[in-house]
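Asker: Got a structure for you, written out below as structure tokens; questions coming shortly.
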Amino acid sequence: PVLSAGNGEVQVHEVMVPAPWAGRAVSELLDGDCLPVALTRAGRSILPAADMALEAGDAVHVSATPEGIVRLRRRIEAGKH
């Protein structure tokens with residue numbers, strides 16, 4: 001985690017977008033336990049809209065519970081195949 005709040009109940013993580021996820025919407029990464037905080041592309045950061053298309057190499061900062069980040073990483077891995 002990049003940042004941990006409280007006793008670790010909520011953490012901010014940086015997740016790199018792999019090539020197979022290019023073109024998918026930010027909303028495909030999300031669930032109730034994982035929300036976007038910022039997206040960095042080509043050195044510039046923005047507040048991402050849910051319908052924004054991801055690009056390979058994007059760094060997405062997400063606020064998540066420990067369970068939420070595990071599910072997010074599994075979704076990304078599953079989407080690579």
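Asker: Over the chain, what is the relative contact order in percent, taking alpha-carbon pairs closer than 8 angstrom and at least six residues apart?
Answerer: 39 percent
Asker: Which value in nm describes the separation of the simple spin-label points at residue 24 and residue 78, placed 7 Å from the Cα toward the beta carbon?
Answerer: Distance between the two pseudo-spin positions: 1.0 nm.
Asker: If you don't mind, there's one more thing I want to ask. What does the charge dipole of the chain about its Cα centre add up to, to the nearest 20 debye, if the Cβ of each Lys and Arg holds +1 and the Cβ of each Asp and Glu holds -1?
Answerer: With Lys and Arg at +1 and Asp and Glu at -1, about 220 debye.
Asker: Now a separate question. Give the carbon-plus-sulfur fraction of the accessible surface of the chain in %, rounded to a whole number; probe 1.4 Å, heavy atoms of protein chains only.
Answerer: Exposed carbon and sulfur together represent 58 percent of the surface.
Asker: How large is the helix-only mean residue ellipticity at 222 nm for the chain, computed as the sum of -39500 (n - 2.57) over DSSP H runs with n ≥ 4, divided by its residue count, in deg cm²/dmol to the nearest 500?
Answerer: -5500 deg cm²/dmol
Asker: Here's another thing I want to ask about it. Mind pulling the angle between the C-alpha long axis of helix 66-79 and the longest principal axis of the chain? Nearest 10 degrees, somewhere in 0 to 90.
Answerer: Once rounded, the angle reads 20 degrees.
Asker: Just order 22-35, 2-15, 56-69 by mean Cβ neighbour count inside 10 Å, highest at the front, would you?
Answerer: The peptides rank, most packed first, as 56-69, 22-35, 2-15.
Asker: Hey, another quick one. How many nm is it between the label spots at residue 7 and residue 49, if each spot is 7 Å from the Cα in line with the beta carbon?
Answerer: 4.1 nm
Asker: Run the dipole for the stretch 15-60 about the Cα centre, Lys and Arg Cβ at +1, Asp and Glu Cβ at -1, nothing else charged, and hand back the magnitude in debye, nearest 20.
Answerer: In total the dipole reaches around 220 debye.
Asker: Report the one residue of 27, 17, 38 whose Cα lies farthest in the direction of the positive end of the charge dipole of the chain (charges on C-beta: Lys and Arg +1, Asp and Glu -1; origin at the Cα centre).
Answerer: Towards the positive end, the residue furthest out is 17.
Asker: List, in order, the whole-Hz ³J(HN,Hα) value for each residue of the stretch 39-45 obtained from phi through the Karplus relation with A = 6.51, B = -1.76, C = 1.60 and θ = phi - 60°; use x for Gly and Pro.
Answerer: Result, ordered by residue: 10, 10, 9, 6, x, 10, 9 Hz.
Asker: Taking only protein heavy atoms and a 1.4 Å probe, what accessible area per residue, in Å², does the chain have with all protein chains in place?
Answerer: Value for the chain: 57 Å² per residue.
The values are calculated or read from the model by the stated rules, or taken from the named source; none is laboratory data. Note that this is a predicted model, so its numbers are computed, not measured. Cβ coordinates were reconstructed from backbone atoms using ideal geometry, including for glycine residues, and neighbour counts include every protein chain displayed. SASA here: full protein model, heavy atoms, side chains in, ligands and nucleic acids out. Shrake-Rupley method; radii C 1.70, N 1.55, O 1.52, S 1.80 Å.
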